[in-house]
Every structure is written in C-alpha cells, then in structure tokens.
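Enquirer: My questions will all concern the structure given below.
Here, each number is a calculation from the coordinates, and none is a lab measurement. Bear in mind the structure is a predicted one, so any value in this text is a computation, not a measurement. Positions of Cβ are backbone-derived with ideal geometry, glycine not excepted, and every protein chain shown enters the neighbour counts.
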Amino acid sequence: MGLDLLKGKRGIIFGALNDKSIAWKIAERAYEEGARFTLTNTLVACRMGEVVELSERCEAKLIPADATSVADLENVFRESMEALGGKIDFVLHSIGMSLNVRKGRKYEDLDYGFLNKTLDISAISFHKVLQVGYKMDAISEWGSVVALSYIAAQRTFYGYNDMADAKSLLESIARSFGYIYGRERNVRINTVSQSPTMTTAGSGVKGMGGLLDFANRMSPLGNANADECADYCLTLFSDFTRKVTMQNLFHDGGFSNVGISEHAMEQYNIGLEFVGESAVE
Ligand SMILES: NC(=O)c1ccc[n+]([C@@H]2O[C@H](COP(=O)([O-])OP(=O)(O)OC[C@H]3O[C@@H](n4cnc5c(N)ncnc54)[C@H](O)[C@@H]3O)[C@@H](O)[C@H]2O)c1
C-alpha cells in the first residue's frame, strides 16, 4: 500500500531488465507511490519481452535507447516529456556492463576496447544523461537523479574487475555534475552504493555467492536486498531529501563501516581449522 510519496512526479527509469533488476523493483514501488514514468533500456532488452510486461503493468511508455548514444538519450527525454506532459522530476540510472567481466579477462590482462565500453556504458552514460537533461532543460527544479554504485569504487573487491574503475568514475560524475546542476537549477544528484544483490548483472561478478555471504556476515543489519534498495531510492526521489546532493550514500546494512564482524570471524575460524594452521603468531 503506497503513501503517495511520489504523487504527481514524472520520472525516467533506466535499466529494468527482468524481475530481479533493481530498476524493476524501483519501478514497481514508484508506481505504487503515485509516480508516472517512462522505462528505457537497450533495443535488445526491450525486445526480450519482460520489460514490456512491466511497462503495461505500470502504464509506462517503453522507449528503447542505448545509453551511450546522445541521440538516443535526447529522444528518451523528448518522448518522456511528451508522454508525461512536462519536465522530469526524477531519473534513475541503473546501468552496468563489463565485457572484460563477461569474457573472463582478468584485471591484469584487460582488453582496452572492452574497458572503453565498460566505462562508456557504466559511467560516462551517466554524464550523457545529465548533460542531455541539462541542455534540453528537461529536469524540473528540485528534481532528483540517482545512479546505482558499489563499494568497489572505494576499496578493492576481488573479481569486480574494471567495473570498480567505472563505479569510481560514476561517483565522481555525481559530484562534478551535482555541483553544476545544483548551483544552476536546484537539481540534486546522488549515487546509492548498494549491497551485492543477485541480479543478472550481479551474478556475472566472479565469486558472487561467496561475496553475498561475506557481505551478509559483515553487515550488522545484513545485506540490503533489491526491494529495500527501491524503498531507499524512492526517498531520494521524494521531497523529503531536497538538500541531499553530491553524495555517495551507502545502502548496505552497515557493511562499509565494519572492519571485521563476529559472524565473519566465526566463519573464518572454521576455515582456518580446515586449512590447519595460521601463518600469524
Ligand atoms: N547486483 C548487484 O550486486 C549490484 C550492487 C551494487 C550496484 N549495482 C548496480 O545496479 C545497477 C543495476 O544492475 P542490476 O544489478 O539491477 O542488474 P541488471 O542486469 O538487472 O541491470 C543492468 C541493466 O543495464 C542495462 N544496460 C546494459 N547496457 C546498456 C546500454 N548500453 N544502454 C542502456 N542500458 C544498458 C541492461 O540492459 C540492464 O537492464 C548497475 O549499475 C549495477 O552495477 C548492482
């Protein structure tokens, strides 16, 4: 049951692929909270059919777009404003992809063509969304833009590969553009750094099962799931967070501030018994 938190607001949601996607959960919750929005994803993703079902259920126009194409993004903003009848109040950027991860290229053996694609799709597309929105003056005053990030932007996580570099850039873009968009138009821009979550993109990360368990043991509140991430993002789209901008906001059950937890240590000690001896006196 919604609280009308987003009643009257118009949005654009990038990145809903299937019912595991974080963007999918955000779309469902935004609809419940009274928002109207368009959905956009690559042509291939739109043709896969699942997003069509979501768009029908949420009464949301589906607009195919490659988020690395400025022309496609201009079309997304144009068609969204037409369909929704005015400027956009909130934008969700929920996009990530690494061909190096997909093709099993290690960080010390990156394909640089793939790296360029990773950065373009997963980070520079965020700048493109913001720049297109800014130039078209398509985002309302006190509008809110959120992109999803991961703590590998700050600290090294085995297996996250070149996506770590993309997330660092993504968070930097939120700060750099957040300053300009805030100063000129009172638009806020933040990134939400989410717990590991079992989605299509998430399951591509090497050792995802172990990572989920580790993060869960380390986090005093446990991992945040996609539904909880949706609730958090809605608060950032709502009028209750109008002065929050240029932040990377951890939504991770406390993981980011824990060095070692009792639960993780218990599991680690079992592992030590199994290995047989400790190298540390
Ligand atoms: N799953 C996790 O563990 C986790 C944790 C923290 C942050 N995130 C971030 O959350 C966001 C959403 O990922 P998800 O986990 O929901 O997975 P997902 O696979 O459901 O979503 C990724 C989306 O990116 C879209 N995409 C890829 N290339 C694109 C392009 N060129 N143009 C437009 N869209 C494109 C895909 O079609 C897909 O919808 C990503 O930024 C991801 O890095 C995920």
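Enquirer: Counting Lys and Arg as +1 and Asp and Glu as -1, what is the net charge of the other residues whose Cβ lies under 12 Å from the Cβ of Lys106? All intermediate terms of the calculation are to be shown ahead of the outcome.
Expert: Values: positive: Lys103, Arg105, Lys206; negative: Glu108, Asp109, Asp111, Asp162.
Value of the local net charge: -1.
Enquirer: Please give the helix 208-218 orientation as an angle from the longest Cα principal axis of the chain, in degrees from 0 to 90, rounded to the nearest 10.
Expert: Relative to the chain, helix 208-218 is tipped by roughly 80 degrees.
Enquirer: While we're looking at this one, here's another question. Beyond 13 Å, what share of the Cα-Cα pairs of the stretch 142-202 is found? Please give it as a whole percent.
Expert: Working: 1160 of 1830 pairs.
I get 63 percent for the Cα pairs in the stretch 142-202 exceeding 13 Å.
Enquirer: Which order, highest average first, do 40-47, 242-249 follow once you tally other Cβ atoms within 10 Å for each residue and take the mean per peptide?
Expert: For the peptides 40-47, 242-249, the packing ranking is 40-47, 242-249.
Enquirer: On a 0 to 90 degree scale, rounded to 10, what angle separates helix 226-237 from the longest Cα axis of the chain?
Expert: Helix 226-237 and the main axis of the chain meet at about 50 degrees.
Enquirer: Helix 163-185 sits at what angle to the longest principal axis of the chain, using alpha carbons and giving 0 to 90 degrees rounded to 10?
Expert: Approximately 40 degrees, to the nearest 10.
Enquirer: Counting Lys and Arg as +1 and Asp and Glu as -1, what is the net charge of the other residues whose Cβ lies under 13 Å from the Cβ of Leu6? Show your work: numbers first, answer last.
Expert: Values: positive: Lys7, Lys9, Arg10, Arg29, Arg36; negative: Asp4, Glu28, Glu32, Glu33, Asp89, Asp231, Asp239.
Once all neighbours under 13 Å are counted, the net charge is -2.
Enquirer: Please list, ordered by chain and number, the residues whose modelled amide H lies under 5 Å from the amide H of His251; skip anything fewer than 5 residues away on the same chain.
Expert: Under 5 Å from the amide H of His251: Ser193, Gln194, Ser195.
Enquirer: Could you order peptides 187-196, 220-229 by the average number of other Cβ atoms within 10 Å of their residues, highest first?
Expert: Details: 187-196: 24.9, 220-229: 17.5.
Ranking the peptides 187-196, 220-229 by packing returns 187-196, 220-229.
Enquirer: Given Cα pairs under 8 Å that are at least 6 residues apart, what percent is the relative contact order of the chain?
Expert: Numbers: 523 pairs, mean separation 49.9, N = 281.
Relative CO of the chain lands at 18 percent.
Enquirer: Then there's this: Counting pairwise Cα distances across the chain, what percent come out greater than 31 angstrom? If you can, show how the numbers build up before the last one.
Expert: On the way: 10389 of 39340 pairs.
Of the Cα pairs, 26 percent sit more than 31 Å apart.
Enquirer: Assuming 0.36 nm per residue, please report the length gained on full extension of the stretch Asp109 to Met136 beyond their Cα-Cα distance. Please list the in-between numbers first.
Expert: Working: separation 27, 0.36 × 27 = 9.72 nm, distance 4.02 nm.
Using 0.36 nm per residue and subtracting the Cα-Cα distance, I get 5.7 nm.
Enquirer: Whose amide H sits under 5 Å from the amide H of Trp142, counting only residues 5 or more places off or on another chain, with H placed in the peptide plane?
Expert: Under 5 Å from the amide H of Trp142: Val187.
Enquirer: Please sort 231-238, 263-270, 149-156 by packing, taking for each peptide the average over its residues of neighbouring beta carbons within 10 angstrom, highest first.
Expert: Numbers: 231-238: 20.5, 263-270: 13.0, 149-156: 18.6.
My ranking of the peptides, most packed first, is 231-238, 149-156, 263-270.
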